[in-house]
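Student: Before anything else, here's the structure in question.
The values are calculated or read from the model by the stated rules, or taken from the named source; none is laboratory data. The structure displayed is predicted, hence computed values, not measured ones. Here the Cβ is made from the backbone with ideal geometry for all residues, glycine too, and neighbour counts use every protein chain on show. Just the protein is used for accessible areas: all its heavy atoms, side chains included, with ligands, DNA and RNA removed. Shrake-Rupley method; radii C 1.70, N 1.55, O 1.52, S 1.80 Å.
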Amino acid sequence: MRRSLRKDRAEARTFAAFSALFASFLALFGAFGCTPAPEPAKTTFAAMDTVMTLTVYGGEADALAAARDRVLELESRLSVTDPDSEIATLNRDGTAALSPDTAELLRRALALCAQVDGALDITIYPVVRAWGFTTGDYTVPDEAALSALLEKVDYTKVRLEGDTASLPAGSEIDLGAVAKGWTGDELAALLREEGVKSALLELGGNIHTVGSKPDGSDWRVAVRDPGDPEGYIGVVSVSDKAVVTSGGYERYFERDGVRYWHIMDPRTGAPARSGLASVTIVADSGLYADGLSTALFVMGAEGALDYWRAHRDFEVVLVSEDGSVTVTAGLARAFALSAGCHLTVAQP
Ligand code: ADP
Ligand code: MG
């Protein structure tokens, strides 16, 4: 079990490192304009079960160190596996006094769960664990086990009064579907306060951009091809946005020829099989982008586009299991499709 956990993490880290490198390459591509770009400062470290690379242009010299410290602080509060974290304490004791950070994220996560009508449900954790995604010790739980666990899955039962949270007996929460996105928002705010005008924050597969590239042009962020670990299906050009992808290819195992991934449908307690292979959200807020990438993956293409039409405060790239690509109208010009792919532009 230990070995498979290590292997799983090692693979996740290799992938994250590769994606990060790839994103940096694309983001910097074309950065050599007439005005010389300021020298970037850069740091790479492991946190929140992935590899993070923060690249900052201008601003105070210690801004990067402050940003890294902030990530580690949030990780120590939010980690579901660190027994000393606030979330682990809440899961163990059924109640906990939360720091303002954790209370704020929990409040916003619960609001988002409601906004997507439960496609995102932070109480899914016991189900995720039953499938082995928390340890790498994978298994396909039987129907009876899953329906017993599903009785405890209901984000509307989580109570947050002031900074004190409580859970019904047997329920546990995990903020993993939104934590990296929110961390990106916190880092972007911190760096802006430190005078940074231009930064690329790669939190595993979550990309957060501050301002534009130093030469004033957009950052170029690659969207992975879910069917080809080496390839990408296109590039989005953005400034001051979060770009977050959830995909079935990110963490999965195979049993008897069937692939099971880590994004769960809270209605069934099984991996969401909606016909989508990945969902990439482009939004101002990292938390919103992160939560929506998971929720819209669960909803499937039709539900995702209905949600977009009803809200219009984000854009999305949907890649289906058959390889077809749909982008929402706001990305029609900002998205460059790789050769050989077929693109549909969804209209409001
Ligand atoms: P990642 O964190 O791997 O980038 P996501 O942001 O899509 O990917 O979050 C997936 C994680 O969130 C899973 O590993 C699991 O712990 C949890 N999760 C899975 N399905 C759901 C869901 N429907 N609602 C809330 N959390 C989920
Ligand atoms: Mg997410």
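Student: In whole angstrom, how far apart do the alpha carbon centroids of the range 112-181 and the range 186-233 sit?
Tutor: So the two Cα centres are separated by 29 Å.
Student: Give the accessible surface of the chain per residue, rounded to a whole number of Å², with probe radius 1.4 Å and ligands, DNA and RNA excluded.
Tutor: Here the residues of the chain average 44 Å² of exposed surface.
Student: Sticking with this one: Quick one: with all protein chains in place, what share of the accessible area of the range 9-346 is carbon or sulfur, to the nearest percent (1.4 Å probe)?
Tutor: 51 percent
Student: Would you work out which of Pro40, Gly211, Ala334 lies farthest towards the positive end of the dipole of the range 9-346, given +1 charges on the beta-carbon of Lys and Arg and -1 on that of Asp and Glu, about the Cα centre?
Tutor: Most positive-ward Cα: Ala334.
Student: Quick one: putting +1 on the C-beta of Lys and Arg, -1 on the C-beta of Asp and Glu, what dipole do you get for the range 250-295 around its Cα centre, in Debye to the nearest 20?
Tutor: Here the size comes out at about 180 debye.
Student: When the chain is treated as a GNM, springs tying every alpha-carbon pair under 10 Å, which of Thr294, Thr139, Thr55 comes out with the largest mean-square fluctuation?
Tutor: Looking only at Thr294, Thr139, Thr55, the largest GNM fluctuation is found for Thr139.
Student: How much solvent-accessible surface does Glu151 expose, in Å² to the nearest 10, with a 1.4 Å probe and all protein chains in place?
Tutor: Solvent-accessible area, nearest 10 Å²: 150 Å².
Student: If you don't mind, another one. Based on Cβ point charges of +1 for Lys and Arg and -1 for Asp and Glu, what charge dipole magnitude is obtained for the chain about its Cα centre, in debye rounded to the nearest 20?
Tutor: Its charge dipole is roughly 460 debye.
Student: Would you mind checking the tilt of helix 100-115 against the longest principal axis of the Cα atoms of the chain, expressed as 0 to 90 degrees and rounded to 10?
Tutor: It is inclined by approximately 80 degrees.
Student: To check you understand DSSP bridge types, tell me what percent of the beta bridges within the range 9-346 (both residues inside) are antiparallel, rounded to 5.
Tutor: The answer is about 95 percent antiparallel.
Student: If contacts are Cα pairs under 8 angstrom and at least 6 residues apart, what is the relative contact order of the range 9-346 in percent? All intermediate terms of the calculation are to be shown ahead of the outcome.
Tutor: Working: 653 pairs, mean separation 57.5, N = 338.
Reported as a whole number, the value is 17 percent.
Student: Not counting ligands, DNA or RNA, and with a 1.4 Å probe, what is Arg309's accessible surface area in Å² rounded to the nearest 10?
Tutor: 100 Å²
Student: Residue separation times 0.36 nm, minus the C-alpha to C-alpha distance between Asp82 and Thr95: what's the value?
Tutor: 3.0 nm
Student: Please work out how much accessible surface Tyr232 shows to a 1.4 Å probe, ignoring ligands, DNA and RNA, in Å² rounded to 10.
Tutor: Number for this one is 80 Å².
Student: In the chain, if the dipole is taken from +1 on Lys/Arg beta carbons and -1 on Asp/Glu beta carbons about the Cα centre, which of Gly184, Ile124, Gly248 is farthest to the positive end?
Tutor: Gly248
Student: Measure nothing but the geometry: give the 0 to 90° angle between the long axis through the Cα atoms of 286-311 and the longest principal axis through the Cα atoms of the chain, rounded to 10°.
Tutor: The angle comes out near 80 degrees.
Student: May I ask you to derive the FRET efficiency for Asp142 and Glu321 from their Cβ-Cβ distance with R0 = 22 Å, giving the value to the nearest 0.05?
Tutor: Calculated value: 0.30.
Student: Please tell me which of these pairs span more than 19 angstrom C-alpha to C-alpha: Lys180/Lys241; Lys157/Lys180; Lys213/Lys241?
Tutor: Pairs exceeding the cut-off: Lys157/Lys180.
Student: Moving on to the next point. Using a 1.4 angstrom probe with every protein chain in place, what is the largest-first accessible-area order of Cys113, Cys341? Let's see the in-between values first.
Tutor: Working: Cys113 0, Cys341 45 Å².
So, going from the largest accessible area down, we get Cys341, Cys113.
Student: Over all alpha-carbon pairs of the chain, lay out the pair-distance distribution in 10 Å bins, whole %, shortest bin first.
Tutor: Bins of 10 Å from zero give 5, 25, 35, 25, 8, 1, 0 percent of pairs.
Student: Using a 1.4 angstrom probe with every protein chain in place, what is the largest-first accessible-area order of Lys213, Lys152, Lys241? Spell out each step's value before the answer.
Tutor: Details: Lys213 5, Lys152 85, Lys241 65 Å².
Descending accessible area places them as Lys152, Lys241, Lys213.
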